[in-house]
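No lab work stands behind these numbers, since they all come straight from the coordinates. Predicted model only: the values in this text are computed from it and were never measured. Backbone-built Cβ (ideal geometry, glycine too); neighbour counts: all protein chains shown.
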Amino acid sequence: MATSSEIERLDGVAVMWSSRWLILGACLATILTVLVVSLASPKIYESTTTLLSPKETAPSGFLGGLVASGLVQQPSLLAMTSLSQTREILVSILKSRTVATAVVTRFKLQERYRARHLEDAIEKLRKATEVRALLREGLISVRVEDTDPARAAEMANFYVEQLGRLVAQFGVSEAGRQRVFLSEQLARAKGQLDTAERALRAFEEQNRAVVLQDQTRAAIDAAARLKAEMMAAEVQLQVIRNFATDANPDTVALRRRIEEMKRQLAQMQYGEDGLNRAAAASASSRRDFYVPPARLPEVGLELTRLIREVKVQETLVTLLTQQWEQVRMAEARDMPMVQVLDQAVPAVYPSKPRLAMNLALAGLAGLLGGLGFVFFRQHVSNLPRLTARG
């Protein structure tokens, strides 16, 4: 004897069989409607351009010159930009409003999209554009959809052109600012060197008999080198503060290094009791190098001070000249920042509407809709009988 569940299952099959033409008609009607709509819809073509992420490069410009010269150490914050960070920056530029505005203006999309405002055209463009970073492959893809396959390819390639232009523009501007800054510092250092040399020459002409010991000259050279390194570190600290706070570990470490070099310089100038003598010298505005064996006469001390000033300015001019050359070469260097792996070409076949997929989904939706309608109708027809039983 059949159970109640088997009876209900047989009833359901009987209902579907008796209404098979209705269900089939619903499927065909849905498929036909979707077919007409798909054929009437404008064909959408997509084109994709693929970029290679730039390789990691050593620090360039002013900071790169400091590191390359060996006069300063490279802190972690000034390390080479990682590949993933570079890729994220390029993706952000491609998605920026600046690039979108340039594309809208170049291809007159506000008129084509029939957008009342520029923002509306930009929003429609972003819906038709996809910028993706392919992390595993190390690539960046730009996909653009449009009703015209040639225009879609042109728009995708124009994105790359704008990316290259902006990267070059901002890169040159940064190198240019560094070059201007170094030119000012170099001109000032040359002027100070010229003044120091004239003062030393005038002093030697007045005091021809004064001759410094070899030990004193060696102390002057060592102190001048140390002071030049300290000045370079102070310049590096000034640059770091443009993007890091005083509490940053790199900033703190560099400040401590500068303080240590100041302590060493004070000890070289004033002997073992460097701090006390440095404070006393600061009060009297005298900065003489300490020579342990004997004290120099007053004239010798003045000569030492003048020679030290010339040595320091010479070292500073040499350092700034090296950095200026580094920045000048970085500014003039023509390095392709954006490399195109695959340029966008006009598509042969439309990407939308996807007729086969749309028809398959329409058939499934028609089948489910027809079954739902049949069972709902059967349930409504059984309501009086169920009510009578109740």
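Model label points for Leu139 and Val13, set 7 angstrom from Cα along the Cα-to-Cβ axis, are 5.3 nm apart. For Gln339 and Ala29, what is the calculated FRET efficiency with R₀ set at 45 Å and r taken between the beta-carbons, to the nearest 0.05? Taking R0 as 45 Å, the efficiency between Gln339 and Ala29 is 0.30.
Legend: ranking of residues Arg116, Arg354 from fewest to most surrounding C-beta atoms inside 10 Å; resulting order Arg116, Arg354. To the nearest 0.05, what FRET efficiency results for Ser96 and Phe373 with a Förster distance of 56 Å applied to their C-beta separation? Computed FRET efficiency for Ser96 and Phe373 comes out at 0.65. Descending by average beta-carbon neighbour count within 10 Å, the peptides 154-164, 88-98 line up as 154-164, 88-98, the highest first.
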